[in-house]
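Heads up, the thing below is written out as structure tokens.
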Amino acid sequence: MSQKKLAIIATKGTLDMAYPPFILASTAAALDYEVQIFFTFYGLTLLRKDLSGVKISPLANPAMPMPVPMPVLVSALPGMESMATMMMKQKIKSKGVASIEDLRAACIESGVKFIGCEMTVDLFDFKREDFIDGIEYGGASTFFEFAGNTDICLFV
Amino acid sequence: MDFNKELDARGLNCPLPILKTKKALGELASGQVLKVVSTDAGSVKDMEAFAKQTGNELLGSEPQGKEYVFFLKKK
């Protein structure tokens, strides 16, 4: 059996949406898949050395379970985003769910290849030194070179 | 059942039991048996799928109270 391949495009940079690409990539790698993740737009922020800026907002997210019902205008108050992020991280820890840092490290350790979108770096004036080492930078063609031969291709 | 190594995955949630199982199997020689103890109910189906996909044989899977015990033979 030839090795299966998985390609993921990660476009979002919030705490909740950081999970799907890293969970699927690390698990696929454990299942002996060859995996690449293409990080573009806000997804690229998931490759920063410092992930403390990765947050979750209760705003525009009516499905987010809250300990108490919270009117939208209250969610918009200063500090609510940090509070929601802190509560979510506590929940994650108490339930034995891995941190984003741990899952990302598991991906790297198991050979998942990270591609950073060059255009996004230029667009947002990101600095390469803010990102972790070992990333290959490229564009859409770089992604398709691998994605064209995969068994599974996901857009997150 | 006899085993060569035990992995304590209690309290860990998806996908950590699988990731740690993969890592622990990497430290075993072909034919050796890994015992995994998990509290994640989802790991029952996940461990079957892991065994099927990777070719490491699942020798046994048994619930013990609120824990799930697996025996995997490294291919």
Straight distance only, please: which lysines reach the Cα of A:K95 with their own Cα at less than 27 Å, same-chain residues fewer than 8 apart left out?
-> A:K12, A:K49, A:K55, B:K5, B:K20, B:K22, B:K23, B:K35, B:K45, B:K66
Burial-style ranking of A:110-118, B:30-38, average other-beta-carbon count within 10 Å with highest first, yields A:110-118, B:30-38
Debye, to nearest 20: dipole size of the protein assembly as shown, +1 on Lys, Arg Cβ, -1 on Asp, Glu Cβ = 500
P(r) of the protein assembly as shown in 5 Å steps, Cα pairs, percent per bin?
-> 1, 6, 13, 15, 16, 14, 13, 10, 7, 3, 1, 0, 0
In peptide B:6-16, what is the residue-averaged number of other protein chain Cβ atoms found within 10 Å of each Cβ?
-> 4
Ranked by GNM mean-square fluctuation in chain A (Cα springs under 10 Å), the top entry among A:T142, A:T40, A:T14 is A:T142
With Cα springs under 10 Å, the Gaussian network model of chain A assigns the largest mean-square fluctuation among A:A98, A:A29, A:A106 to A:A98
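Per the Kirkwood treatment, what hydrodynamic radius in Å, one decimal, follows for the range A:77-130 from the mean inverse distance over all distinct Cα pairs?
So the Kirkwood estimate lands at 14.1 Å.
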Value of D in µm² per second that Stokes-Einstein yields for the range A:1-51, Kirkwood Rh from Cα pairs, at 10 °C (1.306 mPa s) = 139
Just the ratio, please: alpha-carbon radius of gyration of the range A:1-131 over 2.2 N^0.38 Å, N its number of residues.
-> 1.16
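Using a 10 Å cut-off around each Cβ of peptide B:22-34, what is the average number of partner chain Cβ atoms that fall inside?
Across the residues of B:22-34, the mean count of other-chain Cβ atoms within 10 Å is 1.
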What FRET efficiency would be calculated for the residue pair A:M119, A:L73, taking the C-beta separation as r and a Förster radius of 35 Å, to the nearest 0.05?
-> 0.45
Just need the Rg to Rh number for chain B, please, alpha carbons only, Kirkwood Rh.
-> 0.91
Most mobile of A:Y42, A:Y33, A:Y19 in a GNM of chain A (Cα contacts under 10 Å) = A:Y42
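Readers should treat all values here as calculations from the given coordinates under stated rules, not as data from a laboratory. Keep in mind that what you see is a predicted model, and the values were worked out from it rather than measured. Positions of Cβ are generated from backbone atoms using ideal geometry, with glycine treated the same way; all protein chains shown enter the neighbour counts.
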